[in-house]
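The structure appears below as structure tokens.
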Amino acid sequence: MNQSSNKPSSWKSKLHEIIYEADTPAGKSFDIILLITILASIILVMLESVKTIDQKYHTFLNVSEWVITILFSIEYIARIVTVKKPLKYIFSFYGIVDLLSTIPKYLSLIFAGTHALVALRALRLLRIFRILKLARYLGASNNLVTALKASRAKISVFLFAVLIMAVILGTIMYLVEGEENGFTNIPKGVYWAIVTLTTVGFGDIAPQTPLGQLIASLVMILGYGIIAIPTGIVGAEYANTSRKEVHTNTQSCPNCSKGKHRDDAEFCYECGYKLNDE
């Protein structure tokens, strides 16, 4: 009696280890297969959007997409079954992404009429959300997110300074060039300044006077210098984050699905559940 009651727990624990963790050979193999499947599904979505390819290989693309959708459905159900608090996963970021990337193919069965073809195209595009599933397998992405959060105040001040600069330069160009050269108002001048500062240069508005061209040249050179500033801010924060990073593994809590635990952790830092509980 007691022995049989432990079987489901042991089975779920083993499956949880394979699905949520990558420190074991089985877990690594699962992640590799899943990565290949995600990439294949993204390629299929892209190929399906090309009309000539879709017309020629529609059956193959459709069958392949159904196979991948079924595989992702099994994975989604397995992730729910193997955690003690399934709602935590279902309403988590990755849980929502997994659902959004799976349901469009099933919804296409409901909206099968020709009048719904436009809606079907939009639903099929939701499958591109599978690319977000890749994020959970990129360990360095966590450091990048942390660095962006840490540097958001500095970047906000920088962007505000650039905006002020664009307003000043736009106003100056409005005064220098005037309406006859396309600078019909100050907002138009600000638009030109932003386009020039970012080195995009659409060319729809261009200064015609020598003084205006001199100012434009200085703004272009200034734009190249400005581009390097946010890169340096984020780069410095990223380096600090990497130095402060505590060595963690891929172990995931069977209760709340939180990952990134320390190697010496015995309990989950989120819910206090005992890790590796059989």
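Taken together, the values in this text are just the output of simple stated rules run on the coordinates, not laboratory data. Not measured: the values here are computed from a predicted model. Cβ coordinates were reconstructed from backbone atoms using ideal geometry, including for glycine residues, and neighbour counts include every protein chain displayed.
For this structure, a couple of remarks:
- Matching residues, segment 160-207, being in a loop (DSSP other than H, G, I, E, B), surrounded by 13 or more Cβ atoms within 10 Å (Cβ to Cβ) and not small (Gly, Ala, Ser): 183, 184, 198, 199, 205, 207
- Looking at 206, 166, just one residue is within 30 Å of residue 234 (Cβ to Cβ) and among the aliphatic types (A, V, I, L, M), and that residue is 166.
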